[in-house]
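Working notes for the structure below.
Each value in this text was obtained by applying a stated rule to the coordinates, not by laboratory testing. Because the structure is a prediction, the values reported are computed rather than measured. With ideal geometry, Cβ positions are generated from the backbone for all residues, glycine too; neighbour counts draw on all protein chains shown.
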Amino acid sequence: MLLEIFVLFPPVKIMDYKENWDAWDSYTWWWIYLLLFEWIGGKIVPTHSRKPIQSKSFRYGRWGWIVFHFIVITTIFLAGVYTGWNLKM
């Protein structure tokens, strides 16, 4: 099946890496971003005030379920729009 995908569909260049930029740089910056905001969040919100979202909020029809699905559907839609704009045949 992989062969058919490569034969029937030409390669789609979704990511355009510039010179001297690769996946390792993106991975490094992601970790720096995560650790920086974790540190800032620890300074702003004390440990005893941090409370996770209750799992029952993510059951069908509740606010967590609605927000989660809205984010997922919007992300998939925007990824399709972005791919469509950058798709050159």
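With distances taken between every two different alpha-carbon atoms, region 24-86 has a Kirkwood hydrodynamic radius of 15.0 Å.
Residues within the reach of a label modelled at V45 (point 7 angstrom out along Cα to beta-carbon, backbone nitrogen below 13 Å), restricted to region 52-89, are 52-54.
Can you tell me the length gained on complete extension of the stretch V72 to R59, counting 0.36 nm per residue apart and subtracting the Cα distance? Once the chain is fully extended between V72 and R59, it gains 3.1 nm.
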